[in-house]
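The values are calculated or read from the model by the stated rules, or taken from the named source; none is laboratory data. What you are looking at is a predicted structure, and each value in this text was computed from that prediction instead of being measured. All Cβ positions, glycine included, derive from the backbone under ideal geometry; neighbour counts span all protein chains shown.
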Amino acid sequence: MQIVEQGILCPGVEGADRAVGAFPSVTILPSGELLGCYRIGPRKDAETCVTELRRSSDGGRTWSEPQSPFRNDFVGVRGSLQVVYVTPLDDRLIACALWVDREAYPGKPLFNVETEGCLPMKILVADSFDNAATWTPWREVVVTEDVGPPSLTNPVIALPSGRLIVSIETNKPYLDTSKWMQHVVYCYSDDRGQTWTLPRTVCEDPTGRVFHWDQRAAVGKNGILATFSWSYDKQANKYLSIRRHISRDEGLTWTTDELGFSDQPSHPAVLADGQTVLAWVDRYGSRSIRARLASSIDAPFPPETEVVLYEAEKPAASTSHTGEMLVDMALWSFGLPYAEALPDGDAIVVFYAGTPTCMDVRWARLHP
């Protein structure tokens, strides 16, 4: 695999309200256009951040001026959108968002370093019937209290049966001092996203030692549902190899293997021939963003297919406490890659990179 082109989707502007771009994704619209989605603001966790959309009609080489179609408030409460993903369905697009309540604890950061809890959050969905020009009002994917503030880890997934999935990561409430028992749940929809089932746990360590963060998922051309987890041993304060979880029955049962590299995986790009591109962030080793290619979503990712998308200059600071490490994430200057297959057989990976005070949303085109 090789990098054939790369560029910037949205430039950061040092010292301005548009200094930091982050949380990017890219979607292939039914028209063949690319739809880039990201958040821009003065810093990563600013409640004034805005979610923008840009379009590309030339495979990502150039991008339109941004549009901001999504509201940050929900049911009259002031909030912010942490991330928005867009999924094409047969008759429309469905956007899924992680919304953060900014009124419950005014002025407080998203993550509480003392308790390891999060601000109140909700999972929201909306539809577009005009190729992302306009959107319906947000509606909530309701979860049970034991999920805590829910985190969105992936776009809505359309299964071969026609069912839809929302993948959600659990958290603790902001002031909760109890042990963090992190796990991943799915909510299913059988009516194209109008209503959703109660959450069903699909990934957990019952002891609470191993966390499965930022679980990214896709369905392979062979119909297999695969997820990739940023795995962390909380007791040892150590990142583990990316774990791949495979289901052949739409998430009812799973098998697990380890990929042999770490740490934060991308959404995988499943190409037309079934080959799969996975990017990931190696923060504490090479300080880089890399990608590999597999022959299918459940096959190995050979080292000889690896390419380097980005290399950072400075080493990361080490920490000895989970809370401190997660707060440091707000200052990390590269990450969150997202891969998607292009109609011409290539893949595109979007990610953010720059300095702690100015970050671009960048893209790279990969040829298998």
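Listed values, structure above:
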read-out	value
Subset tally (residues that are in a loop (DSSP other than H, G, I, E, B) and basic (Lys, Arg)) for the range 38-51	2
Qualifying residues in the range 19-37 (those that are touching a strand residue (DSSP E or B) at 6+ places or on another chain (Cβ under 7 Å) and assigned to a loop (DSSP other than H, G, I, E, B)) - the one modelled with the lowest pLDDT	PRO30
Criterion (within 27 Å of TRP180 (Cα to Cα), at pLDDT 95 or above, crowded, with 17+ Cβ neighbours inside 10 Å and of a type outside the set (A, V, I, L, M)) met by exactly one of TYR105, TYR85	TYR85
From SER262, SER295, residue being under 20 Å from the mean Cα position of the chain (by Cα) and farther than 19 Å from VAL4 by Cα	SER262
Residue match in the range 169-187 (condition: closer than 16 Å to LEU110 by Cβ, crowded, with 20+ Cβ neighbours inside 10 Å, of a type outside the set (S, T, N, Q) and within 17 Å of the chain's Cα centre (by Cα))	yes
All strands (runs of 3 or more DSSP E) inside the range 69-160 with 3 or more residues being under 16 Å from the mean Cα position of the chain (by Cα)	79-88, 93-101, 121-128
Residue list for the range 272-282, restricted to those being crowded, with 22+ Cβ neighbours inside 10 Å and closer than 24 Å to PHE23 by Cα	THR276, VAL277, LEU278, ALA279, TRP280, VAL281
Of the criteria (1) touching a Lys or Arg at 6+ places or on another chain (Cβ under 7 Å); (2) surrounded by 17 or more Cβ atoms within 10 Å (Cβ to Cβ); (3) at pLDDT 95 or above, which one VAL308 fails	(2)
Any strands (runs of 3 or more DSSP E) falling wholly within the range 183-231 and containing at least 1 residues that are touching a residue at least 60 places away in the same chain (Cβ under 8 Å) and among the hydroxyl-bearing types (Ser, Thr, Tyr)	183-189
